[in-house]
1. Counting only residues that are over 20 Å from residue 11 (Cα atoms), within 21 Å of the chain's Cα centre (by Cα) and surrounded by 11 or more Cβ atoms within 10 Å (Cβ to Cβ), how many does the stretch 138-183 have?
2. For the stretch 140-170, name all the residues that are of a type in the set (Gly, Ala, Ser) and either more than 30 Å from residue 97 (Cα to Cα) or in a helix (DSSP H, G or I) (or both).
3. Testing residue 20 on (1) touching a residue at least 24 places away in the same chain (Cβ under 8 Å); (2) loosely packed, with under 13 Cβ neighbours inside 10 Å; (3) of a type in the set (Lys, Arg), one condition comes back false. Which one is that?
4. Given the criterion within 28 Å of residue 159 (Cβ to Cβ) and basic (Lys, Arg), identify the matching residue among 62, 49, 91, 100.
5. Go through the stretch 34-60 and report how many residues are surrounded by 15 or more Cβ atoms within 10 Å (Cβ to Cβ), of a type outside the set (A, V, I, L, M, F, W, C) and assigned to a strand (DSSP E or B).
6. Scan the stretch 12-27 residue by residue and report those that are of a type in the set (Val, Ile, Thr) and either more than 16 Å from residue 143 (Cα to Cα) or outside any strand (DSSP E or B) (or both).
7. Do any residues in the stretch 113-142 that are under 26 Å from residue 93 (Cβ atoms) have Cβ atoms under 7 Å from those of residues that are loosely packed, with under 10 Cβ neighbours inside 10 Å, where the two are at least six apart or on different chains, and which pairs are they?
8. Can you tell me which residues in the stretch 80-139 are part of a helix (DSSP H, G or I) and touching a Gly at 6+ places or on another chain (Cβ under 9 Å)?
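Only the coordinates and a few stated rules stand behind these numbers; no lab work does. In this text the structure is predicted, and so the values were computed from the model without any measurement. Glycine gets a Cβ as well: all are built from the backbone with ideal geometry, and neighbour counts include every protein chain shown.
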Amino acid sequence: MITVIKKYPLATLISVIDGKPLISHLPVIYNEITGKLVGHIDKNNPQVKSLKENKEVSLIFKGPDTYISPSIYTTEQLPTWNYIIVHITGKAIAITQAEKAKQALVDMCSFLEAPDYNYNLEMDNPKMERAINYIHAFEIEISNWEGKFKLSQDKCEEDQKNAKLHLIKENQNNIEDFLDEVY
């Protein structure tokens, strides 16, 4: 599950305020040392309230997915969908010290720039000095992990291999086709 979070760090953050669900999409990274998730959000986002009050939140990290046609299997099957998803539940903890919030941004940038590190965000970057006043940094103290990996595990070895190859191919093709459509 940590591998999914590292490879697909754009999380869907879900919280509830006054009975109303709030949803945001933002990069969140896993801190190997503390075992917590770390992220930041625009201070004007209404979801910040739930992050300041140490409330329970949920996050969804979505890996690759695709429709699986029975035509790829060597055995008779029905159509299905294969996917990789991780659900996290935990308590949001506000990062209130400016230096710790800046360090969270530096750490996130370093993680996201790996392995080439074409850009290095410095703690004393003047733009970060201005931006820090407009973000709310937070940690998530994880209380529950749930991995949902539907990858044709119930099929024979050859059908599992075919499903894996199809998942790879479709995700590569879908990205290119989709971007050609929207650009």
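1. 6
2. Correct list: 147, 152, 163.
3. (1)
4. 62
5. Matching residues across the stretch 34-60 total 5.
6. Once the filter is applied, which keeps residues that are of a type in the set (Val, Ile, Thr) and either more than 16 Å from residue 143 (Cα to Cα) or outside any strand (DSSP E or B) (or both), the stretch 12-27 yields 12, 16, 17, 23.
7. Note: pairs meeting the criteria are 113/119.
8. Residues satisfying the conditions are 104, 108.
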